[in-house]
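J.: Just passing along the structure, written as structure tokens.
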Amino acid sequence: MVEGLLFAILVFMVLGSIIAVETRDLLSSVIAVGAVGFGLAVVFLILAAPDLAIVQVVVEVLTLIMLLRVVVSRKDETLAHSLRRGAAFAAVAGVAFCTIFLVYGWVCFQDLPAFGEPLMRVSHRYIEQGLAEVNAPNLVTAVLLDYRAYDTLGEATVIFTAIVGALAILRRKGRTTDERGDDADR
Amino acid sequence: MIYYLLAAGLLAVGMYAVLVKRNLIKIVMGMLIIEYAVNLMLILVAYRTGGQAPIVTEQMRVSPGPFVDPLPQALILTSIVIGLALVALMVTLCLRLYQRYGTLDTSHIRRLKG
Amino acid sequence: MNAGMTLIVKTTARLVLTFIMVFAAALALYGHVTPGGGFAGGAVAACGLILMLLAFGRLETAKVVGKQGASTWECVGALGFLVIALVGYTAGMFFTNVLPEGETFRLLSAGTVLWSNVAIFVKITAGLFAVYAVLAAFRMAEEPTQEERP
């Protein structure tokens, strides 16, 4: 039951991503990417990860808002008559590279444990003694904020840097003069 | 095994978009698909057949059943939010580039020096 | 983005915003007992603030959040997380869990995990909202700024 549903949703995601990449209309491809993201949230639910499903749904909605802001606001005519020189070679080379990647991926996947039997060398200790040591029933939070708090500190740093970078790029220089007095947040 | 191959196929589609496409928005969407594929691969490795979500309830304290692996779930959680911050950065770059060059076609942007 | 939307949208936003913020706070505060945690709560609270930004416009949101409010609160959250990490030094090592562990399934249990969740919640909310506020205030010029356009 889990396997059949998982297979169906994964095939749906791959087809949706192919549509997102190949279609010419940008609004349709944004919607297709949204469908892939929501499919991923359903996969998280099927594979027993409720924290991740919540975060994935909310992050997907925020990503869609941001992508729509870019897609709707542009009026780009240069793409219609852009040069086609070298486009066929690029497409063939891209497909060949991805095929070689898949073949080598298949060779490497022989070493992974079979689906449904994870190795869990480190997680045995987290599961057996997590409740006794941290006293938090949510084991994912216990791992994230107690056993692996360094990684969370690193992630907070990365997000801070990315957001400060985004704020620095979109600063005052892009605005018209009548808005300089009433900007809410820099 | 087939699930790993499907996740690798999703990654290959995203890589194809980043390598071949010329529209900047398509490149951003390719990076987004690569990020989905990586999260998907991690959660596929973490699944245990018949396992439950790694949250201990009252009746499970006495007799715990099999849990899925909680360590990759913690890694994916941070990765999802970092992906959102990355998409924000890329979209702001696209907006600035469009304002500066008037086009989102990378072959045009590459030829215009200014 | 100065003016908000119509009256129907504003009334609905007023009603729904309370639920969104309470749900986000519940996700973040009870993160060590139920699924959720600081990241889920922060993302949902950012959604609520963006709803306020879209429905009421930038000026009204600036009255609630404050000018430079988003950047300030993001720094507060990041510094709070660092302070919790440094408090671990009193027990000898960076990031040890020093606060007392209460009984299980209660709110005030699991030591520093609860306060870390709150700090992460503040940081993620303010950070994600700051990006959208700047995106909303960004006006692109009608024609591009450089001269040699093909």
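J.: Just to be sure I understand the model, the point goes 7 Å from the Cα along the line to the Cβ. What's the resulting A:L27 to B:Q52 distance in nm?
T.: 4.7
J.: Along region A:145-154, what does the Karplus equation 6.51 cos²θ - 1.76 cosθ + 1.60 (θ = phi - 60°) give for ³J(HN,Hα), rounded to whole Hz, x for Gly and Pro?
T.: My calculation for region A:145-154 gives 10, 10, 6, 10, 6, 4, 5, 5, 5, x Hz in order.
J.: Still on this structure, please answer the following. Report the label-to-label distance for A:E3 and A:W106 in nanometres (one decimal), using points 7 Å from each Cα along the Cα→Cβ vector.
T.: About 1.9 nm, to one decimal.
J.: Then there is this: Show me the GluC sites (Glu not before Pro) within region A:1-78 that DSSP assigns to loop and that have at most 13 other Cβ atoms within 10 Å of their Cβ.
T.: Passing sites in region A:1-78 are A:E77.
J.: In terms of modelled amide H atoms, which long-range or inter-chain residues lie less than 5 Å from the amide H of B:Q52?
T.: B:F67, B:V68
J.: Run the simple label-point estimate for A:T99 and C:F19 please: 7 Å along Cα→C-beta, distance reported in nm.
T.: 5.3
J.: Still on this structure: Got a sec to turn the phi values of region A:107-123 into Karplus ³J(HN,Hα) couplings, 6.51 cos²θ - 1.76 cosθ + 1.60 with θ = phi - 60°, whole Hz, x for Gly and Pro?
T.: My calculation for region A:107-123 gives 5, 6, 5, 5, 7, 6, x, 5, 5, x, 9, x, 6, 6, 6, 8, 6 Hz in order.
J.: Would you mind giving the mean number of other chain beta-carbons within 10 Å of the Cβ of each residue in A:41-50, as a whole number?
T.: On the way: counts 0, 0, 8, 6, 1, 2, 10, 14, 13, 8.
Rounded to a whole number, the mean comes out at 6.
J.: Still on this model: In 5 Å bins starting at 0, how do the alpha-carbon pair distances of region A:1-71 split up by percent?
T.: Per 5 Å bin, starting at 0, the Cα pair percentages come out as 3, 18, 24, 22, 18, 9, 4, 1, 0.
J.: Could I ask something else about it? Suppose every Lys and Arg Cβ carries +1 and every Asp and Glu Cβ carries -1, with no other charges. What dipole size does chain B come out with about its Cα centre, to the nearest 20 debye?
T.: Numbers: 10 positive and 4 negative charges, 156 e Å.
Using Cβ point charges on Lys, Arg, Asp and Glu, chain B gives about 760 debye.
J.: Within 10 Å of each Cβ in B:25-33, how many Cβ atoms from other chains are there, averaged over the peptide? Walk me through the intermediate numbers first.
T.: On the way: counts 8, 6, 0, 4, 12, 4, 0, 8, 11.
Other-chain Cβ atoms within 10 Å of each residue's Cβ, averaged: 6.
J.: Any chance you could run the full-extension gain for A:T157 through A:E133? It's 0.36 nm times the residue separation minus the Cα-Cα distance, nm to one decimal. If you can, show how the numbers build up before the last one.
T.: Values: separation 24, 0.36 × 24 = 8.64 nm, distance 2.71 nm.
Extra length available between A:T157 and A:E133 comes to 5.9 nm.
All of the numbers you see were taken from the coordinates with simple rules; none came from a lab. None of these values were measured; they are calculated from a predicted model. So basically every Cβ, Gly included, is an ideal-geometry build from the backbone, and we count neighbours across all protein chains shown.
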